[in-house]
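In what follows, a structure is listed as structure tokens, so that the remarks can point back to it.
The values are calculated or read from the model by the stated rules, or taken from the named source; none is laboratory data. A quick note: this is a predicted structure, and the numbers were derived from the prediction, not measured. Backbone-built Cβ (ideal geometry, glycine too); neighbour counts: all protein chains shown.
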Amino acid sequence: IKRIGVLTSGGDAPGMNSAIRAIVRFGISKGIEVIGIERGYQGLIEEEFRVLHKDDVSEIVQRGGTILRTARSEEFKEEEGQRRAIENLKKHGIDGLIVIGGEGSLKGAYDLFKKGVNVVGIPGSIDNDIWGTDFSIGFDTACNNVIDAINKIRDTAAAHERTFVIEVMGRECGFIAFTSGLVSGADIILIPEVPIDFPYITEKLKERQRKNKKHNIIVVAEGVGSAYFIGKQIEDRLGISTRIVVLGHIQRGGSPSVFDRSIATFMGVDAVKRLLAGESGVMIGWQNNSPVSVPLEEVVKNKKRVSPELYWEVESLW
Ligand code: F6P
């Protein structure tokens with residue numbers, strides 16, 4: 001392998017830049033040329049390639065987002081898009097590809113692998129919903145963003161004796177809500193993995209009223225349903241003053257945490273190492289504080305979700 005390509009795809013995640021930096025610098029140290037592919041699979045189809053030198057990745061570790069930019073490419077899901085992508089890799093002499101992204105992007109990497117491309121994936125998603133890795137790049141920073149916001153909301157909630165419903169990201173997976181809710185002292189946490197009805201919520205809130213608690217923090221993952229609807233139900237059923245905060249894309253931005261920078265860096269190095277050693281069709285996961293190689297086939301076949309057993313086990317904490 002003489003020339004490898006790197007792309008970031010799907011939702012950006014803080015820490016992706018650390019992975020790019022590690023891939024470029026470690027690759028160059030091994031005598032490899034590293035090509036940055038812009039805008040994910042879309043840029044692969046449209047031939048948006050540039051050589052990345054050591055200096056091109058200076059001053060980026062502290063930045064969120066991704067210097068290569070990203071996209072959710074519909075075209076790449078089609079046979080024709082994948083055919084053009086492979087043709088472009090061949091045309092530019094790229095004999096190994098590193099894909100940094102979430103579930104959908106790793107599925108794309110697996111498709112390329114099945115069509116003969118040497119490919120290694122790196123899990124990058126704030127959702128932490130990727131099977132085969134304890135953590136994906138960006139999750140830690142996103143949770144820090146969420147608890148930062150909750151700390152601030154708590155001040156005003158207490159001052160006004162209000163109930164806040166805070167909506168966080170996570171369409172099918174509640175890791176952000178579960179983890180940040182748990183560590184910020186939320187009073188109720190709602191996630192897609194655990195269906196919960198309104199009587200549970202109102203009973204919990206009534207119980208808190210009985211204990212003379214005057215304000216409440218409810219954290220809800222977006223996949224559960226609209227925070228506005230939940231807030232309205234609480235107001236109607238209990239007659240308490242409710243406010244809604246939808247955190248949205250604030251969660252995805254900002255300077256990556258030490259943890260995200262660190263796992264991204266080691267995963268980046270490991271991805272290059274394994275590609276050069278002839279491994280392909282794998283994702284570099286993070287398990288037991290080390291990078292590990294997991295077959296992409298397993299990554300795309302399995303789903304990682306919050307365990308309902310774990311949820312109920314710690315429910316007494318809120
Ligand atoms: O997958 C990451 C994520 O941030 C999800 O948590 C969220 O549901 C989705 O992306 C939002 O996507 P977009 O930025 O395309 O609106």
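Quick check, is residue 129 in contact with an Asp or Glu (Cβ under 8 Å, 6 or more places away or on another chain), charged (D, E, K, R) and within 24 Å of residue 292 (Cα to Cα)? Yes.
Evaluate the following for residue 153: is it within 14 Å of the ligand (Cβ to nearest atom) and modelled with pLDDT of 95 or more? No.
Residues in region 149-192 that are touching a Ser or Thr at 6+ places or on another chain (Cβ under 6 Å) and crowded, with 22+ Cβ neighbours inside 10 Å were compared, and the one that is nearest to residue 225 (Cα to Cα) is 163. Once region 1-37 is narrowed to residues that are among the charged types (D, E, K, R) and touching a strand residue (DSSP E or B) at 6+ places or on another chain (Cβ under 7 Å), the residue that is surrounded by the fewest Cβ atoms within 10 Å (Cβ to Cβ) is 2. With the condition kept exactly as written, say whether any residue in region 101-113 is away from the ligand (no atom under 15 Å from the Cβ), in a loop (DSSP other than H, G, I, E, B) and either over 17 Å from the mean Cα position of the chain (by Cα) or among the polar types (S, T, N, Q) (or both). Within region 101-113 (the criterion being away from the ligand (no atom under 15 Å from the Cβ), in a loop (DSSP other than H, G, I, E, B) and either over 17 Å from the mean Cα position of the chain (by Cα) or among the polar types (S, T, N, Q) (or both)), the answer is no, since none of the residues qualifies.
Might you let me know whether region 136-144 holds any residue that is in contact with an Asp or Glu (Cβ under 7 Å, 6 or more places away or on another chain), under 22 Å from residue 242 (Cβ atoms), within 15 Å of the ligand (Cβ to nearest atom) and not in a helix (DSSP H, G or I)? Taking every residue of region 136-144 in turn, none turns out to be in contact with an Asp or Glu (Cβ under 7 Å, 6 or more places away or on another chain), under 22 Å from residue 242 (Cβ atoms), within 15 Å of the ligand (Cβ to nearest atom) and not in a helix (DSSP H, G or I). Of everything in region 205-232 that is surrounded by fewer than 16 Cβ atoms within 10 Å (Cβ to Cβ) and not charged (D, E, K, R), the residue that is farthest from residue 129 (Cα to Cα) is 212.
Can we say residue 195 is of a type outside the set (D, E, K, R), assigned to a loop (DSSP other than H, G, I, E, B) and exposed (fewer than 13 other Cβ atoms within 10 Å of the Cβ)? So residue 195 fits the description; yes.
Taking the stated definitions as given, is residue 163 β-branched (Val, Ile, Thr), away from the ligand (no atom under 16 Å from the Cβ) and over 21 Å from residue 313 (Cα atoms)? So residue 163 fits the description; yes. The criterion of being of a type outside the set (Asp, Glu), under 17 Å from residue 267 (Cβ atoms) and touching a residue at least 12 places away in the same chain (Cβ under 8 Å) does not hold for residue 144. All told, residue 76 falls short of being aromatic (Phe, Trp, Tyr) and away from the ligand (no atom under 16 Å from the Cβ). Just wondering, is there one or more residues in region 43-63 that are without any contact (Cβ under 8 Å) to a residue 40 or more places away in the chain, surrounded by 19 or more Cβ atoms within 10 Å (Cβ to Cβ) and away from the ligand (no atom under 16 Å from the Cβ)? Yes, because at least one residue in region 43-63 is without any contact (Cβ under 8 Å) to a residue 40 or more places away in the chain, surrounded by 19 or more Cβ atoms within 10 Å (Cβ to Cβ) and away from the ligand (no atom under 16 Å from the Cβ). Check region 115-126 and report whether any residue there is touching a Phe, Trp or Tyr at 6+ places or on another chain (Cβ under 8 Å) and assigned to a loop (DSSP other than H, G, I, E, B). Yes, region 115-126 contains at least one residue that is touching a Phe, Trp or Tyr at 6+ places or on another chain (Cβ under 8 Å) and assigned to a loop (DSSP other than H, G, I, E, B). Only residues that are touching a helix residue (DSSP H, G or I) at 6+ places or on another chain (Cβ under 6 Å) and hydroxyl-bearing (Ser, Thr, Tyr) were counted across region 243-269, and they come to 2.
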